Amino acid sequence: MKLINIGFGSFVAAERIVAAVEPESNPIKRVIAQARESGRLVDATYGRKTETVLVMDSGHVILCPRDPQDVVSRACAPEGGVGDEA
């Protein structure tokens with residue numbers, strides 16, 4: 001299992017990510033609100049601005065302070081590469 005750093009010491013399993021999207025659109029805001037209501041929202045921003053919303057295969061939604069392209073590049077990087085850096 002490959003874990004990627006999503007910021008501030010938080011890690012997610014790369015193979016469990018279904019989508020990495022920006023949080024500005026109304027449909028994504030609804031996804032966030034529904035996840036919050038059902039207890040499936042994980043806020044990993046530590047008070048910073050949400051840059052990426054990660055939708056996981058378990059139905060959980062993770063708010064991340066890193067840019068979507070950064071998260072995707074970390075998820076696609078080979079083991080021991082960029083994805084393991086702090």
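Structure notes:
- Within the stretch 49-76, being in a strand (DSSP E or B) and either more than 9 Å from the chain's Cα centre (by Cα) or β-branched (V, I, T) (or both) holds for T52, V53, V55, V61, I62.
- If you go through the stretch 29-48 and keep only what is under 13 Å from the mean Cα position of the chain (by Cα) and within 19 Å of Q69 (Cβ to Cβ), you end up with A44, T45.
- Lone qualifier among V12, V71 - being in contact (Cβ under 8 Å) with a residue 40 or more places away in the chain and in contact with a Ser or Thr (Cβ under 7 Å, 6 or more places away or on another chain): V71
- Residue in the stretch 55-65 that is touching an Asp or Glu at 6+ places or on another chain (Cβ under 6 Å) and either at pLDDT 95 or above or over 19 Å from L3 (Cβ atoms) (or both) present: yes
- The stretch 30-58, subset under 14 Å from F8 (Cα atoms) and of a type in the set (D, E), residue most open to solvent (accessible area, probe 1.4 Å): D43
The values are calculated or read from the model by the stated rules, or taken from the named source; none is laboratory data. No experiment lies behind these values; they were computed from the predicted model shown. Backbone-built Cβ (ideal geometry, glycine too); neighbour counts: all protein chains shown. Calculation scope for accessible area: heavy atoms of the full protein, side chains included, ligands and nucleic acids excluded. Shrake-Rupley method; radii C 1.70, N 1.55, O 1.52, S 1.80 Å.
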